[in-house]
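Written out below as structure tokens is the structure these notes cover.
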Amino acid sequence: MAAPGKLVVLADEAALARAVAAYFIATALDAIAARGRFDVALSGGSTPKAVYALLAAPLAETALTWSRVRFFFGDERCVPPDDPESNYKTARDGLLEPLGIDATQVFRMHGEVEPAVAARDYAAVLRAELGPAPVFDLVMLGMGPDGHTASLFPGTDPLTDDDALVRAPWVEKFSTYRITLTPRVINAARTVAIAAGGAAKAAALHEVREGTYDPTVHPIQIVNPHDGELIWFVDEAAAGALSHPV
Ligand code: 6PG
């Protein structure tokens, strides 16, 4: 089965960041023009840092009205918001504060509270802000070397396609809970953009896009928006093991 989504291969991680930042802005402009606002779920990990730096830079040519953007999160570590591990802290320091984003535009997952409570509360936030069947304009995702995405890890229960919007799975490899959007929410998005760079992702990218379909082994394979667009941004190092790079 051909892997879903368009694959864009960039020369290196700097070009990857530029492409993702440009796609973020283009998607935002389209959403604001069409619906008056842009609802985005930010990804975690380190890949977004270079994208944030580009988005937060004084890009004179960007006609993006940041006050029309609402920032949500695809997943969060179960840590306080000032913890270096916090995905919210990464976004706050690299993007939200530099852009002067008002706190009313930011909806963070509360990693500091009991995980199941944090998941339940965030699902309530999604329903309140986006309705009973939340639809993001853009869900940004990364991919781990094991084929995980958001906090959908091999062997965790978020792969069950029930009516949950947010879950708090126990992640054995890290011996910790995480908070994550479920595939139900991710695949309802208008657009999903996956960014993966570096040789460390090459084996997983090959298995995910050219190997056997089994989301219990490679959870990111479950990402396939029902009506939306899926686009993969990778660099040549990450694409190094692909038989068919495009
Ligand atoms: C997290 C992320 C996770 C991340 C991948 C890639 O909280 O860690 O949501 O899914 O996107 O692990 O991480 P890097 O960008 O650091 O390689």
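How many Å² of accessible area per residue for the stretch 1-156, probe 1.4 Å?
On the way: 6660 Å² over 156 residues.
Result: 43 Å² per residue.
Near residue 7, the amide H atoms lying under 5 Å from its own belong to 232; only residues 5 or more places off or on other chains count, and H is placed 1.01 Å from N. Express the relative contact order of the chain as a whole percentage, based on alpha carbon pairs under 8 Å and six or more residues apart in sequence. Contact order relative to length: 25 percent. Loop-located chymotrypsin sites (Phe, Trp or Tyr not before Pro) in the stretch 96-179 (DSSP state other than H, G, I, E, B) with a sparse environment of at most 10 neighbouring Cβ atoms within 10 Å are absent. Here the stretch 46-199 has 54 percent of its accessible surface on carbon and sulfur atoms, given a 1.4 Å probe and all protein chains in place. For residue 191, nonlocal amide neighbours, meaning residues 5 or more places apart or on other chains whose placed amide H falls under 5 Å from its own, are 138, 139, 229.
Straight-distance candidates among the aspartates and glutamates for linking to residue 201, with alpha-carbon spacing under 16 Å and chain neighbours fewer than 8 residues away dropped: 12, 13, 146, 210, 235, 236. Binning the C-alpha pair distances of the stretch 86-184 at 5 Å intervals from 0 yields a P(r) profile of 2, 12, 20, 25, 22, 13, 5, 1 %, listed from the shortest bin outward.
With the Cα gyration tensor of the stretch 136-201 in hand, convert its eigenvalues to equivalent ellipsoid semi-axes via √(5λ) and list them largest first in whole Å. Intermediate results must be reported in sequence, preceding the final value.
Values: eigenvalues 69, 66, 13 Å².
Over the Cα atoms of the stretch 136-201, the semi-axes work out to 19, 18, 8 Å.
Tell me, what is the FRET efficiency for residue 30 and residue 163 to the nearest 0.05, using R0 = 35 angstrom and their Cβ-Cβ distance as r? Walk me through the numbers on the way to the answer.
Details: r = 29 Å, r/R0 = 0.84.
So, using R0 = 35 Å, E works out to roughly 0.75.
Estimate the FRET efficiency between residue 15 and residue 124 by the formula 1/(1 + (r/R0)^6), using the beta-carbon distance for r and 41 Å for R0, to the nearest 0.05. According to the calculation, E is roughly 0.55.
Restrict the search to the stretch 186-246; then list the chymotrypsin sites (Phe, Trp or Tyr not before Pro) that DSSP places in a loop and that have at most 13 other Cβ atoms within 10 Å of their Cβ. The partial results should precede the final answer.
Numbers: sites: 213, 232, 233; in loops: 213.
Sparse-neighbourhood loop chymotrypsin sites (Phe, Trp or Tyr not before Pro): 213.
If the chain linking residue 53 and residue 83 were pulled fully straight, counting 0.36 nm for each residue of separation and taking away their Cα-Cα distance, it would gain 8.8 nm.
Roughly speaking, what % of Cα-Cα pairs in the stretch 1-58 are separated by over 16 Å, rounded to a whole number?
Numbers: 901 of 1653 pairs.
Summing the P(r) tail past 16 Å for the stretch 1-58 gives 55 percent.
The values are calculated or read from the model by the stated rules, or taken from the named source; none is laboratory data. Worth saying up front: this structure is predicted, and the values here are computed from it rather than measured. We place every Cβ from the backbone using ideal geometry, glycine too, and count neighbours over all the protein chains shown. Note: accessible area is taken over every heavy atom of the protein model, side chains too, but ligands, DNA and RNA are not part of it. Shrake-Rupley method; radii C 1.70, N 1.55, O 1.52, S 1.80 Å.
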